[in-house]
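J.: Got a structure for you, questions after.
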Amino acid sequence: MARPPFLRLPGAAVLLLALLLPSPLAAQADRPPGLGQVEFPATGAAQAMPKFLEGVLWLHSFEYAQAATAFREAQRLDPGFVMVYWGEAMSFNHPVWDEQDLEAARAVLARLGATPEARAARAATPRERAWLRTVEVLYGEGTKPARDTAYAAAMADLARDYPDDLEAQAFHALALLGRSRTVRDVPTYMRAGAIALRVLARAPGHPGAAHYVIHAFDDPVHAPLGLDAARSYSQIAPDAAHAQHMTTHIFLALGMWDDVVSQNEIASALTGWRSGHYVSWYHYGLLQQGRHQLAAETLDRALRDWADRPAPMIRAYLVSMRAHQVLLTGRWDDPVLARAIPLDGVDHTARAIDEFLHGYAALQQGRPDAAAPRLDVLREVAREAEAQGTTPNAKAVPGILARQLEGVLALHRGDADRGLVLLRDAAERESALPVEFGPPDVVKPSWELLGEVLLKGGDRAGAERAFTRALELGPGRVPSVRGLALATQAGTGAP
């Protein structure tokens with residue numbers, strides 16, 4: 001980005017200007033440690049600039065509470081600093097997660113001025129007025145999808161009008177990602193990724209650029225394009241827990257289990273090992289590494305922690321962790337199966353995972369009579385999810401798990417033809433879903449399950465095809481790697 005002329009003055013002159021008048025300053029001096037580097041010219045008092053910059057850096061790493069705190073402190077230091085109100089309002093928009101607190105954001109803007117016109121009148125430069133226009137669009141009238149689309153267009157205009165403003169480019173990339181509403185739209189993701197890559201090339205220390213590259217490419221097909229950004233992001237923002245975790249969106253998509261574990265270990269430590277997102281990814285990586293005892297200890301600690309964190313989302317993570325642990329270790333008598341995890345308030349996917357796990361484990365224990373009632377409940381959950389789910393995956397995953405359990409139950413009862421039809425149907429349905437990142441919600445991936453059944457039945461060629469497809473969707477997943485190795489061994493007949 002081209003700097004304002006006074007930023008090319010000697011350091012003492014810059015400091016003198018900063019102390020004497022509220023001129024546009026590229027707020028990069030006194031950077032907070034461990035969050036990265038950005039340049040963001042803004043008009044405000046010198047003492048408020050570091051907090052403004054800190055807020056922007058937190059925004060780029062999706063640490064929204066910290067961002068809001070920094071922007072509010074900048075407001076305290078300079079109540080007339082227009083862009084810090086923009087920043088605090090932006091902390092209530094979480095585009096990749098499709099979350100937004102509209103009323104809170106509007107309340108922030110109201111503190112700056114009663115109307116868009118009044119707020120624009122307080123901006124000191126045309127560029128600052130342009131930034132305010134984007135946030136007015138984001139929190140204006142209309143539905144959230146309509147506002148998200150209009151905001152992305154407004155950010156495109158800003159990025160076009162100020163091509164040297166790397167913040168405009170970065171937030172444009174993020175706005176494009178936010179248009180997907182959590183469903184991967186590959187062409188849009190590729191556009192966002194291309195923009196973010198250009199920013200990262202010009203500003204290698206920019207946390208948002210690295211972050212948005214990762215989000216754009218965190219699926220098995222495109223993940224190699226994000227590997228350099230993943231490697232750099234953890235170094236760019238070592239003090240941001242989300243940055244440490246975010247790198248593993250690429251590592252998991254590539255089956256790089258050592259990196260998945262090490263980075264989520266750092267992220268979990270930075271957040272006090274609270275049960276939830278980072279711990280669940282750490283646990284899944286441990287299982288892929290074969291460190292089953294440490295994984296069991298991690299899950300046990302998380303289960304003990306849930307009593308203090310009873311939110312449904314936390315319990316949903318625990319349900320998923322338990323399922324992955326039992327299914328990946330094959331310990332069908334694992335005492336964790338008997339641990340009570342209340343399911344009230346959890347989403348359909350978590351309920352389906354829990355029913356599938358207990359039904360599948362019962363079959364492995366030779367108890368089909370215990371599996372059948374689980375299938376009945378699972379079918380009902382699948383019907384509800386199909387009717388009420390808000391994304392393709394939320395609608396479809398419970399039904400896929402139901403078909404899997406029904407197929408395995410049919411095989412157990414000797415109906416091989418029906419069992420294989422159901423398992424193939426589950427696999428095709430899973431293949432049709434948008435790729436999602438992270439430990440799979442189809443906790444026993446369908447192609448992997450089909451491959452294991454075919455291998456057991458002596459169909460090595462069919463098993464090889466199934467395991468190959470499983471590894472395309474989930475690179476490096478250990479049971480699929482093992483199954484493919486067995487399927488391709490020389491010889492004929494069942495292994």
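J.: Could you check how much of the accessible area of segment 368-481 is carbon and sulfur, as a whole percent, using a 1.4 Å probe?
T.: So the carbon and sulfur contribution to the accessible surface is 52 percent.
J.: Which of (i) 22.7, 67; (ii) 23.8, 73; (iii) 25.4, 85 is the computed Rg and Dmax of the Cα atoms in Å for the structure on display?
T.: Here Rg and Dmax of the Cα atoms in Å agrees with entry (iii).
J.: With a ≥ b ≥ c the root eigenvalues of the C-alpha gyration tensor of segment 150-232, is it rounded (a/c under 1.5), prolate (a/b larger than b/c) or oblate?
T.: Working: a/c = 2.38, a/b = 1.17, b/c = 2.03.
Since a/c reaches 1.5 but b/c is at least a/b, the shape of segment 150-232 is classed as oblate.
J.: Got a sec? Charge dipole of the chain, +1 on Cβ for Lys and Arg, -1 for Asp and Glu; which of HIS215, ALA352, PRO310 is way out at the positive end?
T.: Among HIS215, ALA352, PRO310, the one farthest towards the positive end of the dipole of the chain is HIS215.
J.: Let's see if you can work this out: charge +1 on each Lys and Arg Cβ, -1 on each Asp and Glu Cβ, no other charges. What is the dipole magnitude of the chain about its Cα centre, in debye to the nearest 20?
T.: Its charge dipole is roughly 340 debye.
J.: I would also like to ask the following. Classify segment 370-495: rounded, prolate or oblate, from the alpha-carbon gyration tensor (a ≥ b ≥ c, eigenvalue square roots; a/c under 1.5 rounded; otherwise prolate if a/b is larger than b/c)?
T.: Because a/c hits 1.5 or more and a/b fails to exceed b/c, segment 370-495 counts as oblate.
J.: How do MET190, MET246 stack up against each other in accessible area, from largest to smallest, with a 1.4 angstrom probe?
T.: Correct descending sequence by accessible area is MET190, MET246.
J.: About the Cα centre of segment 372-434, how large is the charge dipole given +1 on each Lys and Arg Cβ and -1 on each Asp and Glu Cβ? Please answer in debye to the nearest 20. Write down the numbers at each step before the final one.
T.: On the way: 9 positive and 10 negative charges, 10 e Å.
The calculation lands at about 40 debye.
J.: On to the next question. On full extension of the chain, what length is gained from ALA269 through ARG301, given 0.36 nm per residue of separation minus the C-alpha to C-alpha distance?
T.: Full extension from ALA269 to ARG301 adds 10.2 nm.
J.: Based on the Cβ-Cβ distance from SER431 to ASP101, what FRET efficiency comes out when R0 is 35 Å, to the nearest 0.05?
T.: The computed FRET efficiency comes out at 0.45.
J.: What distance in nm lies between label points placed 7 Å from Cα along the C-beta direction at ALA153 and GLN235?
T.: Distance between the two pseudo-spin positions: 4.2 nm.
J.: Okay, next question. Find the accessible area per residue for the chain; the probe is 1.4 Å, ligands and nucleic acids are left out, and the unit is Å².
T.: 41 Å²
J.: Turning to a different aspect of this structure: Relative contact order (percent) for the chain, with alpha-carbon contacts under 8 angstrom and 6 or more residues of separation?
T.: About 9 percent, as a whole number.
J.: Can you compute the charge dipole magnitude of segment 203-361 about its Cα centre, using +1 on each Lys and Arg Cβ and -1 on each Asp and Glu Cβ, nothing else charged? Give it in debye, rounded to the nearest 20.
T.: That gives a dipole near 200 debye.
J.: While we're here: Run the accessible area of segment 82-236 with a 1.4 Å probe and give the carbon-and-sulfur part as a rounded percent.
T.: Carbon and sulfur together cover 58 percent of it.
J.: Once every DSSP H run of n ≥ 4 in the chain is given -39500 (n - 2.57) and the sum is divided by its residues, what mean residue ellipticity at 222 nm do you get, rounded to the nearest 500 deg cm²/dmol? Intermediate values should be presented prior to the final figure.
T.: On the way: 24 runs with 331 residues, N = 495.
Using -39500 (n - 2.57) per qualifying helix, the result is -21500 deg cm²/dmol.
J.: Rounded, prolate or oblate: which one fits segment 111-151, using the alpha carbon gyration tensor with axes a ≥ b ≥ c (rounded when a/c is under 1.5, else prolate when a/b beats b/c, else oblate)?
T.: Numbers: a/c = 3.79, a/b = 1.75, b/c = 2.16.
Because a/c hits 1.5 or more and a/b fails to exceed b/c, segment 111-151 counts as oblate.
J.: Where in segment 87-105 does the amide nitrogen come within less than 19 Å of the point 7 Å from the Cα of THR390, taken along Cα to Cβ?
T.: Counting only backbone N, you get 91-105.
The values are calculated or read from the model by the stated rules, or taken from the named source; none is laboratory data. All figures in this text were calculated on a predicted structure; none of them were measured in a lab. Here the Cβ is made from the backbone with ideal geometry for all residues, glycine too, and neighbour counts use every protein chain on show. All accessible areas refer to the heavy atoms of the entire protein, side chains included, with ligands and DNA or RNA removed. Shrake-Rupley method; radii C 1.70, N 1.55, O 1.52, S 1.80 Å.
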